[in-house]
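Laboratory data are not the source of any read-out in this text; all were calculated from the coordinates shown. Here the structure is a predicted model, which means the values were calculated and not measured. Note that each Cβ is placed from the backbone with ideal geometry, even for glycine, and that neighbours are counted across all protein chains shown.
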Amino acid sequence: MGRGIAQIAAVGGFPVVIWDANGKVAEEAKTFIADMLNRAAEKGRMAKDAAAAAIARITVAGDLQGFAPSTIIIEAIVERLDIKQKLFADLEAIVAETTILATNTSSLSVTAIAAGCQRPERVAGYHFFNPVPLMKVVEVIDAVRTAPWVSPRLVALAHAMGHKPVKAQDTPGFLVNHAGRAYNTEAFRMLGEGIADPCVIDDILREAVGFRMGPFELMDLTGLDVSHAVMESVYTQFYDEPKYRPSALAAARVSAKLFGRKTGEGFYRYEKGEQIRPAAMPAPDARPQAVWLNLAAENVRRLVSDLASRAGVAVENGDKPSSDAIAVLTPLGGDATTTAVERGLDATRTVAIDPLFGLEKRRTLMTTSVTSPAARDAMHGLLASDGVAVSVIHDSPGFVAQRVVAMIVNIASDIAQQRIATSEDIEAAVKLGLGYPKGPLEFGDALGAPTVLQILEAMHSFYGDPRYRPSPWLKRRAKLGVSLMTAEA
Ligand SMILES: NC(=O)c1ccc[n+]([C@@H]2O[C@H](COP(=O)([O-])OP(=O)(O)OC[C@H]3O[C@@H](n4cnc5c(N)ncnc54)[C@H](O)[C@@H]3O)[C@@H](O)[C@H]2O)c1
């Protein structure tokens, strides 16, 4: 991490001093940065003079005394509170009173690190993401005692280094790692309930919603040992808040060393670095005799009517389905079984289609607990008859995409409500730090805050789990009919 930060600071025009307890590491870092910049110059991505000047700005200190003239020190050493506290205490004895001590910690409390200092008001968090030169966002974190003059200087430095600064309060996971909690934990919830296999959940979130990677692919890339440790750390630091609850399944897989790419096996197997995916099954040839669309959302009704008419399947819109028809439901936050029973339908001949995500790219077909295999296969065949992929899942309140996106919106709403960060910074941080296709509040606005609220209330009522209770921020904006970006005056 340290070398990436040194590189962007040097390229940004600042004289940089680097030091590591292991002297060899600092020398290697300088050589590494020089290689990176020389290669960038050879490829024409950077002027040769600029690369040479940046390299010349970096010096390796022989000991901590080398930091005596520094105005800002960015610490990126081992993630241990006692070691970071000791380093800052040692630095305080060397540097000027106005020197800022910034920590790149990702999981420790900045306030706790500062507590070991004579002048905790000069300590702040400055949290980068790996690889630093490519991940152009940095969290600027005020600890409880940080003085007001500190963060503007770190914000200005970030701009000068070409990074987007986002401000966050010193809370577990800060902004990006907090906002990212829903994606993995909700994926585990669905896996734990047997709703779908990892590759099915990944396909839906990638293709129907537009995430760059599915949650299981992402955890395989990060390493489940790392991802699970973050899940546990944020959860325990928030005193067992159910919204961040990790999964016992993850703990077991960590014990089994199914870390992902780095161990060759995780949710997928890897051979020579290539992910081995289960072969996709062709869609069934079967078609229903008739489909009943009276209760389906307008967009699903249009799609299925169109497919049915092309396939010679009868379409029914009467009060009740005939004995030949498969009933199609499109619940928001509800599961197929409960919705079918509440509507007085025969659950063996009922299926649900997610009306919110993926009708053009990848459709989600959900069964009730007792949908017959014949009804399921016939609907699957019809829904895939124009060549669009279909994912078939077991019953789930909020299908796959609805519940994951609703939880992402809900957690971002809590971050805004708890004044951890502004709406604008939440959006920027999540897009740059997590690579989501939209900021979480923009996701919510695109669906409509009342729709997200409806999904969460239905899930909350079904599970009775406080995990799904809607954020006050979301509830109020849904009731007011205003954007989720709306701040309080
Ligand atoms: N790796 C990431 O993706 C990432 C992302 C964001 C933040 N961080 C944070 O950055 C910090 C460093 O992470 P990393 O992955 O680069 O770790 P790392 O283990 O690769 O590097 C840590 C370096 O610190 C040195 N070190 C240990 N004790 C020291 C001391 N007392 N004084 C000076 N140097 C000392 C070690 O020799 C080592 O070179 C951690 O706080 C981590 O949480 C890491």
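Axis of helix 181-192 versus longest Cα principal axis of the chain: the two differ by about 40°, to the nearest ten degrees. Simple point charges give the picture: +1 on the Cβ of Lys and Arg, -1 on the Cβ of Asp and Glu, and for the chain a dipole about the Cα centre of about 600 debye.
For ALA56 and ARG469, what is the calculated FRET efficiency with R₀ set at 60 Å and r taken between the beta-carbons, to the nearest 0.05? It comes to 0.60. On a 0 to 90° scale, report how tilted helix 23-42 is relative to the longest principal axis of the chain, with both axes built from alpha carbons and the result rounded to the nearest 10. For 23-42 against the chain, the angle is about 70 degrees. Of all DSSP bridge pairs formed entirely within the chain, close to 30 percent run antiparallel.
Here segment 2-174 carries DSSP beta bridges of which approximately 20% are antiparallel, counting only pairs with both residues inside. Note: relative contact order over segment 290-393, using C-alpha pairs below 8 Å and six or more positions apart, is 25 percent. Site pair ALA280 and ALA96 shows an inter-label distance of 6.2 nm when each label is modelled 7 Å from Cα along Cα→Cβ.
Between ASP82 and LYS320, the modelled labels are 7.4 nm apart [label points 7 Å from Cα along Cα→Cβ]. Length gained on full extension, SER255 to ALA47: 70.0 nm, using 0.36 nm per residue less the C-alpha separation. Amide H contacts under 5 Å for LYS164: VAL137, VAL138, restricted to partners 5 or more places along the chain or on a different chain, H placed in the peptide plane at 1.01 Å from N.
Could you tell me which of rounded, prolate or oblate describes segment 178-276, using a ≥ b ≥ c as the square roots of the eigenvalues of the alpha-carbon gyration tensor, with rounded for a/c under 1.5 and, failing that, prolate when a/b is larger than b/c and oblate otherwise? Taking the square roots of the gyration eigenvalues as a ≥ b ≥ c, segment 178-276 is oblate. The chymotrypsin sites (Phe, Trp or Tyr not before Pro) of segment 444-489 include none that DSSP puts in a loop with a beta carbon having at most 15 other beta carbons within 10 Å. Label point of PHE238 set 7 angstrom out along Cα-Cβ; within segment 390-430, amide nitrogens under 17 Å from it belong to 403-423, 426-427, 430.
Helix 150-160 and the long axis of the chain differ in direction by around 80°, with both axes built from C-alpha atoms. Distance from the Cα centre of segment 151-202 to that of segment 209-251, in angstrom? A separation of 10 Å, based on Cα centres. The value given for the chain is a Kirkwood hydrodynamic radius of 24.9 Å, derived from the mean inverse Cα-Cα separation.
Report summary: the helix-based calculation at 222 nm, which adds -39500 (n - 2.57) for every DSSP H run with n ≥ 4 and divides by the residues of the chain, gives -13000 deg cm²/dmol. Shape of segment 290-393 from the C-alpha gyration tensor: rounded (a/c under 1.5, with a ≥ b ≥ c the square roots of its eigenvalues). A crude spin-label estimate for the pair GLU28 and SER107, with each label 7 Å from Cα along the Cβ direction, gives 2.3 nm.
Summary of the geometry: segment 396-470 and segment 68-134, compared by the centres of their Cα atoms, lie 33 Å apart. Available extension along the chain between ARG302 and ASP386 is 28.9 nm, counting 0.36 nm per residue and deducting the alpha carbon span. Within the same chain, lysines fewer than 8 places from LYS24 are excluded, and of the rest, those with a Cα less than 29 Å from its Cα are LYS43, LYS48, LYS84, LYS86, LYS136, LYS262. Consider a paramagnetic label point 7 Å from the Cα of GLN289 along Cα→Cβ; state which residues of segment 368-410 have an amide N under 20 Å from it. Answer for this model: 371-383.
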